[in-house]
Amino acid sequence: MQRLMAGIQQVEWRRAGRLRFEQLPPELASLQQSINQLLDRIDDAVDEQRRFMADASHELRTPLAIVAGHANLLRRWGSKNARVWEPAVRNIVLEVERLQKLVDQLLTMSRLEEEKLPPVTEGIDQRGLEELFVRLSEDAAVLRPDLDMEAHVHLTPGARVAIERDRLRQVLVGLIDNAIRHTREGGWLLLAAREEGPMVRVSVSDNGEGIPADVLPHIFERFYRGDAARATGKGSGLGLAISKQLIEAYQGKIYVRSREGRGTTVIILLPTLRPMHMRDERSEE
């Protein structure tokens, strides 16, 4: 035990060496293995944090550089030339809005990691989902009146989805925005919800561009953007990562099925809340 304690005290932060003592009693050998596994997890967490900080810095640097460039144009020539100051001010406003959105997303991710959400007591029933879907469809129709939109909800009486309405709306707004941006003119969009055993399956489907097979495994990674998103400069690569964190915070799952050129379906599985008397009846059965 003294040898083991001495070895632990010599371990240094960041890519520390591992304990390599031999001929230890079984109990201490198991302890040594557990300590080494803990060090592995610490190193992985630090590496992830470093990648996150590097990616966040990169995302913040671009709009800041654009703002600084246009500000310099205004300082040199903008006061007397409307052809300079009008586009400069417009671009500065756009980039500041982009920065504000990115900062809000970063704060959301930080809160989700630090705070444990309270248990859901109300949830969303059939009528609540129908009203939410209607509102989302109306909002999407304003942006894309050419799309054929449908919404279907099938829950048993008394069943509720175990998530706060505003949180589900936040996730669906992002998914619908992705769908309408990547669906060709005259396409369709479908919102659906139905029970699947103890879960409710909520889905957003479209017949748009689809997601390339090499991109699909990475879409929930922070700051990851496919070639199309990078080319347009739109999005921060945080929307789907936040959606995943939110859904998992409510004990749910989210995954995507997509074929390039055929469309995409994002599927959310969330636990079902039922009135106490319905739970008792099922347990008796």
Name the single residue, out of those in segment 158-177 being among the charged types (D, E, K, R) and outside any helix (DSSP H, G or I), that is surrounded by the most Cβ atoms within 10 Å (Cβ to Cβ).
-> ARG160
Could you run through segment 73-89 and say how many residues are open to solvent by 60 Å² or more (accessible area, probe 1.4 Å) and either at pLDDT below 80 or on the phi > 0 side of the Ramachandran plot (or both)?
-> 9
Residues in segment 85-96: is at least one part of a helix (DSSP H, G or I), within 23 Å of the chain's Cα centre (by Cα) and touching a residue at least 12 places away in the same chain (Cβ under 8 Å)?
-> yes
Can you name the residue in segment 162-208 that is among the polar types (S, T, N, Q) and either at pLDDT below 90 or under 17 Å from the mean Cα position of the chain (by Cα) (or both) and, of all such residues, is nearest to LEU269 (Cα to Cα)?
-> SER203
Look at segment 178-197 and say how many of its residues are open to solvent by 40 Å² or more (accessible area, probe 1.4 Å) and in a loop (DSSP other than H, G, I, E, B).
-> 5
Hey, among the residues in segment 111-129 that are in a helix (DSSP H, G or I) and open to solvent by 80 Å² or more (accessible area, probe 1.4 Å), which one's nearest to ALA162 (Cα to Cα)?
-> ARG127
Do the conditions hold for VAL67, that is, is it at pLDDT 80 or above, closer than 30 Å to HIS182 by Cβ, open to solvent by 50 Å² or more (accessible area, probe 1.4 Å) and not small (Gly, Ala, Ser)?
-> no
Has segment 24-45 got any residue that is at pLDDT 75 or above, touching a helix residue (DSSP H, G or I) at 6+ places or on another chain (Cβ under 9 Å), surrounded by 12 or more Cβ atoms within 10 Å (Cβ to Cβ) and of a type in the set (S, T, N, Q)?
-> yes
Please state which one of GLU115, GLU95, GLU48 is among the charged types (D, E, K, R) and modelled with pLDDT of 75 or more.
-> GLU95
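The values are calculated or read from the model by the stated rules, or taken from the named source; none is laboratory data. Note that the structure is predicted; figures quoted are calculated from it, not measured. With ideal geometry, Cβ positions are generated from the backbone for all residues, glycine too; neighbour counts draw on all protein chains shown. Surface areas here come from the heavy atoms of the whole protein model, side chains and all, with no ligands, DNA or RNA. Shrake-Rupley method; radii C 1.70, N 1.55, O 1.52, S 1.80 Å.
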